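All remarks here apply to the structure that follows.
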Amino acid sequence: MLIEDFIRQYGYAAVALGAFAEGETVLLFAGYGAQRGWLQWPLVVAVAAIGATLGDQLFFFLGHYFGPQLLARFPRLQAHLPRVQSMLERNAPWAIISVRFLYGMRIAGPVLIGLAGVAPWRFVVFNAIGAALWAPLITGLGWFFGAGIAQVASRLQMGEEIVLAVVLTAGALVWLIRRLRRH
């Protein structure tokens with residue numbers, strides 16, 4: 001019960017903080033917690049979407065205002081810039097929405113989009129759309145994972161009960177046969 005109480009008390013704060021940064025792992029666990037009844041699924045999704053939007057806005061503005069300094073400080077970030085610029089040239093709204101779904105680009109993506117000169121209002125709109133898609137998707141994966149685990153556990157429990165019944169029956173038969181042989 002300690003884990004359940006901890007999740008009930010701090011789960012939404014963890015979702016907000018987790019979604020503010022990377023978030024997928026925290027959100028998967030929160031979806032599982034919602035499936036178990038420890039958290040409310042709609043509230044998890046709302047908190048995650050808001051946290052993810054705010055986090056990406058911060059990273060966007062860091063890139064927008066401090067992009068060259070960040071590239072100098074983090075040279076590996078420079079390697080991703082051509083990829084992000086290419087995505088923005090092909091379809092900027094889709095690039096902004098989808099960057100949160102790209103592995104390794106959750107924080108770097110908004111920084112590089114800000115550096116690339118995308119208008120802040122445009123990023124706000126499409127970033128919010130991306131967060132509104134991302135939050136229920138990842139939370140839903142956690143929910144379905146939790147439901148799958150519950151099914152497997154119930155099947156294992158039923159299997160354990162069958163095995164227990166077989167072992168008890170076999171034990172009773174052995175005891176009965178030995179008893180009958182003695183008499």
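The values are calculated or read from the model by the stated rules, or taken from the named source; none is laboratory data. All values reported here derive from a predicted model rather than from experimental measurement. Cβ coordinates were reconstructed from backbone atoms using ideal geometry, including for glycine residues, and neighbour counts include every protein chain displayed.
A few notes on this one:
- Filtering the range 124-140 to residues that are among the hydrophobic types (A, V, I, L, M, F, W, C) and surrounded by fewer than 23 Cβ atoms within 10 Å (Cβ to Cβ) leaves Val124, Val125, Phe126, Ala128, Ile129, Ala132, Leu133, Leu137.
- Scope the range 107-136; condition over 18 Å from Ala21 (Cβ atoms), free of Cβ contacts under 8 Å to residues at least 60 places away in the same chain and not in a loop (DSSP other than H, G, I, E, B); matching residues: Leu115, Trp121, Arg122, Val125, Phe126, Ile129, Leu133
- Qualifying residues in the range 1-50 (those that are part of a helix (DSSP H, G or I) and among the charged types (D, E, K, R)) - the one nearest to Ile97 (Cα to Cα): Glu24
- Of Gly37, Gly31, Gly18, all but one fail to be under 22 Å from Ile129 (Cα atoms), at pLDDT 85 or above and surrounded by fewer than 23 Cβ atoms within 10 Å (Cβ to Cβ); the exception is Gly18.
- Residue within the range 77-86 that is part of a helix (DSSP H, G or I), among the hydrophobic types (A, V, I, L, M, F, W, C) and within 30 Å of Leu2 (Cβ to Cβ) present: no
- Check on Gly63, touching a Gly at 6+ places or on another chain (Cβ under 7 Å), buried (at least 19 other Cβ atoms within 10 Å of the Cβ) and assigned to a helix (DSSP H, G or I): yes
- Qualifying residue in the range 87-106 (condition: at pLDDT below 85, under 18 Å from the mean Cα position of the chain (by Cα) and either hydrophobic (A, V, I, L, M, F, W, C) or assigned to a helix (DSSP H, G or I) (or both)): yes
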